[in-house]
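Quick note: the coordinates plus some simple rules give every number you see, no bench work behind them. This one's a predicted model, so the numbers in the text were calculated from it and none came from an experiment. Backbone-built Cβ (ideal geometry, glycine too); neighbour counts: all protein chains shown.
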Amino acid sequence: MPYWLESSLNSPEILIGVGVAILVFVVCYLAMRQPRTFKAFDTDGGGVLVTRKAVRDLVRRCCEEMGEIGSAHIGIRLKGGTLNARVRLRVHRNANLKGISGYLREQIIQALTENLGVEGIGDIEIVVVGILEDAKPVVEG
């Protein structure tokens, strides 16, 4: 074992410092972690919870219904009881991005409110991360 490592392991100040750093990291991680479920709405019998996965699945289905979108990755953040979404898309080369983004936002908001009953919907951010080439037609001959 190198001398500097051996002397560091024998130093209580360094061991305490490493322990405090690990503790701070764990506390920060736990404090910033997003919940798996959130309250979509209240009923007379109590609140109805929805998982973040259910929201991602529903938003992904909205994206799949549009032919101009090749793939989608959905991130969900909860902030103060409000659901915010970031939808990262790969679109086809000939896609009308302005039209897609507005229509997709409308479809996502409608699906979240009508299907899941989510009341607190915040920002829905659309991010295009790639352009896909259209499939080349097969020429028989």
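Just a few scattered comments:
- Nonlocal amide H pairs with Val128, under 5 Å, H built at 1.01 Å: Leu89
- Of the trypsin sites (Lys or Arg not before Pro) found in the stretch 1-44, the ones in coil according to DSSP and having at most 14 other Cβ atoms within 10 Å of their Cβ are Arg33, Arg36.
- Cα pair distances in the stretch 1-45, grouped into 5 Å bins until the bin that holds the longest one, percent each: 5, 16, 13, 12, 11, 9, 8, 7, 5, 4, 4, 4, 2, 1
- The 3J(HN,Hα) values that the Karplus relation (6.51, -1.76, 1.60; θ = phi - 60°) gives for the stretch 126-132 are, in residue order, 9, 10, 8, 9, x, 10, 9 Hz. Gly and Pro appear as x.
- Taking 13 Å as the cut-off, the amide N atoms of the stretch 113-134 that come nearer than this to a point 7 Å along the Cα-to-beta-carbon line of Arg61 belong to 113-117.
- As a proxy for reagent exposure, Val55, Val50, Val127 were ordered by neighbouring Cβ count within 10 angstrom, fewest first; the result is Val127, Val50, Val55.
- Degrees, to the nearest 10: 52-64 long Cα axis against longest axis of the chain: 30 degrees
- Residues Phe38, Phe25, sorted so that the one with the fewest Cβ neighbours within 10 Å comes first: Phe25, Phe38
- Under the Debye formula (equal points on every Cα, no solvent term), log10 I(q)/I(0) of the chain at q = 0.20 Å⁻¹: -1.16
- Shown for Lys98, Lys79: other C-beta atoms within 10 Å of each C-beta, ranked fewest to most, produce the order Lys98, Lys79.
- Neighbourhood charge, 11 Å Cβ-Cβ cut-off, centred on Val129 and excluding it, Lys, Arg +1 and Asp, Glu -1: +3
- For Val48, net neighbour charge (Lys/Arg +1, Asp/Glu -1) across residues whose Cβ lies under 13 Å away: -2
- Total formal charge among the other residues, if their Cβ is under 12 angstrom from that of Thr113, Lys/Arg +1 and Asp/Glu -1: -3
- Helical contribution to [θ] at 222 nm, DSSP H n ≥ 4, -39,500 (n - 2.57), averaged over the chain, rounded to 500: -13500 deg cm²/dmol
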